[in-house]
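Read the structure below first, then the notes.
The values are calculated or read from the model by the stated rules, or taken from the named source; none is laboratory data. Please read all numbers here as calculations on a predicted model, not as lab measurements. Every residue, glycine as well, gets a Cβ built from its backbone with ideal geometry; the counts of neighbours run over all protein chains shown. Note: accessible area is taken over every heavy atom of the protein model, side chains too, but ligands, DNA and RNA are not part of it. Shrake-Rupley method; radii C 1.70, N 1.55, O 1.52, S 1.80 Å.
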Amino acid sequence: YFMQKILVLFILYFSNVGNIWAVCPDYLNVDMEVLRSNKIINICENFGDSPMLIVNTASHCGFTPQFEGIEKLYKQYKDQGLVVLGFPSNSFKQEAKAKEETAEVCYVNYGVSFQMFAETFVRGKNAHPIFKELARQSSPPSWNFNKYLIDKNGNVIDHFGSTTDPNSTEIHRLIKTLL
């Protein structure tokens, strides 16, 4: 009887893991280095069953203060399942030279608590596969702080440019439809 219970629990556990992996698209099944760490995490394993807001960021950009609004948005919806992923990038020549400085801008200056990754290319032939797919589904980032709202199946619901405030009515409305 005990072994039957163990077998049932084993099957249930792995069927749930399989469901997460089945939902998570290939372009998000990637290992990424966490900012301020040598830790590597897989996006599917950690966030694959959640709606996401993906943002390309830069430490020395006129839009850098948007970190405050993105953090506010994250705090408002994280307990309901929204994941925010930040990707620092020097694709527009406005990222800090050292990851320590990028981390200081994010964590110290703006109090970011959402997931930030190490520097990533977001445009052109060297763009990371995530941003190649985001561009395919919508459009490539035209500048820093582009925001991609993605459903839990990896479909881009909408793409917002740098000038869209992270706490705009439209972003809030769309997030609520995904949660």
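Figures for the structure shown
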item: Helical contribution to [θ] at 222 nm, DSSP H n ≥ 4, -39,500 (n - 2.57), averaged over the chain, rounded to 500; result: -10500 deg cm²/dmol
item: Nonlocal amide H pairs with G48, under 5 Å, H built at 1.01 Å; result: none
item: Accessible-area order (highest first, 1.4 angstrom probe) of the listed residues T164, T169, T120; result: T169, T164, T120
item: Helix runs (DSSP H) in the chain reaching 18 Å along axis by Cα, Kyte-Doolittle at least 1.0; result: 2-23
item: Phi-based couplings in Hz for region 99-110 (Karplus 6.51, -1.76, 1.60; Gly and Pro marked x); result: 5, 5, 5, 4, 4, 4, 4, 5, 7, 8, 5, 10
item: Sum of side-chain charges, F114 neighbourhood, beta-carbon under 15 Å (Lys, Arg +1; Asp, Glu -1); result: +2
item: Semi-axis lengths, Å, the chain, gyration tensor of Cα atoms, sqrt of 5 times eigenvalues; result: 30, 18, 16
item: By accessible area with a 1.4 Å probe, ligands and nucleic acids excluded, highest first: order of K78, K93, K72; result: K93, K72, K78
item: For region 43-57, Karplus couplings with θ = phi - 60° (6.51, -1.76, 1.60), whole Hz, Gly/Pro x; result: 5, 4, 4, 9, 9, x, 10, 10, x, 10, 10, 9, 10, 8, 10
item: Cα gyration tensor shape of region 30-90, rounded if a/c is under 1.5, else prolate or oblate by comparing a/b with b/c; result: oblate
item: Out-of-range pairs (alpha-carbon distance over 31 Å; input K75/K99; K72/K132; K97/K176; K78/K99; K93/K176; K125/K176); result: K97/K176; K93/K176; K125/K176
